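Novice: What follows is a single structure, and I will ask about it in a moment.
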Amino acid sequence: QVQLVESGGGLVQPGGSLRLSCAASGSIFSINAMGWYRQAPGKERELVADITSDGNTNYADSFKGRFTISRRNVNTVSLQMNSLKPEDTAVYYCRANLYSGMDYWGKGALVTVSS
């Protein structure tokens, strides 16, 4: 099993930047891919980006160019968010996908983009 804890959420002005981090614990060497999803009020949860253990990244089209995912080590992944817009306001969730196919989710971090 894997436990995930997000950090770095908060309030930021439009056009600003924010960096989210996710720390995994437990069976961390069983993790294949880690990624970020978000869910805005009234909307379904959507993929932002994910990254595999060998460094391959995958971005949803709407986030390419502004957001960057990186994996510092086996149990830590971050999401650098630039040029933030009010519509980026959402709860951002960290996800870990194990080699077995099992998924684990963090509890989420709220990002609010407002002046």
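Novice: So which residues in the range 87-104 are open to solvent by less than 60 Å² (accessible area, probe 1.4 Å), closer than 18 Å to P41 by Cα and not in a strand (DSSP E or B), if there are any at all?
Specialist: Once the filter is applied, which keeps residues that are open to solvent by less than 60 Å² (accessible area, probe 1.4 Å), closer than 18 Å to P41 by Cα and not in a strand (DSSP E or B), the range 87-104 yields D88, T89.
Novice: Restricting attention to the range 1-35, which residues are β-branched (V, I, T) and outside any strand (DSSP E or B)?
Specialist: I28
Novice: Out of the residues in the range 71-86 that are outside any loop (DSSP other than H, G, I, E, B), modelled with pLDDT of 95 or more and open to solvent by 50 Å² or more (accessible area, probe 1.4 Å), state the one that is farthest from L4 (Cα to Cα).
Specialist: Checking each candidate, the answer is P86.
Novice: Which of the residues spanning the range 2-52 are open to solvent by 40 Å² or more (accessible area, probe 1.4 Å) and at positive phi?
Specialist: Of everything in the range 2-52, those that are open to solvent by 40 Å² or more (accessible area, probe 1.4 Å) and at positive phi turn out to be G15, G26, G42.
Novice: For R66, all conditions in the list (1) in contact (Cβ under 8 Å) with a residue 40 or more places away in the chain; (2) more than 13 Å from the chain's Cα centre (by Cα) hold save one; what is the number of the exception?
Specialist: Evaluating R66 over (1) in contact (Cβ under 8 Å) with a residue 40 or more places away in the chain; (2) more than 13 Å from the chain's Cα centre (by Cα) leaves (1) as the failure.
Novice: Looking at the range 105-115 only, could you name the residues that are within 13 Å of the chain's Cα centre (by Cα) and either part of a strand (DSSP E or B) or surrounded by 14 or more Cβ atoms within 10 Å (Cβ to Cβ) (or both)?
Specialist: Those that are within 13 Å of the chain's Cα centre (by Cα) and either part of a strand (DSSP E or B) or surrounded by 14 or more Cβ atoms within 10 Å (Cβ to Cβ) (or both): W105, G106, G108, A109, L110, V111.
Novice: As an exercise: evaluate D61 against (1) farther than 16 Å from V2 by Cα; (2) in contact with a strand residue (DSSP E or B) (Cβ under 9 Å, 6 or more places away or on another chain); (3) open to solvent by 50 Å² or more (accessible area, probe 1.4 Å); (4) modelled with pLDDT under 95 and give the number of the one condition it does not meet.
Specialist: Status for D61: all satisfied but (2).
Novice: Can you tell which of L110, L47 is closer than 18 Å to V12 by Cβ, among the hydrophobic types (A, V, I, L, M, F, W, C) and touching a residue at least 12 places away in the same chain (Cβ under 8 Å)?
Specialist: L110
The values are calculated or read from the model by the stated rules, or taken from the named source; none is laboratory data. As the structure is a computational prediction, the values presented were derived from the model and not from experiment. So basically every Cβ, Gly included, is an ideal-geometry build from the backbone, and we count neighbours across all protein chains shown. These area figures cover heavy atoms from the full protein model, side chains too; ligands, DNA and RNA do not enter into them. Shrake-Rupley method; radii C 1.70, N 1.55, O 1.52, S 1.80 Å.
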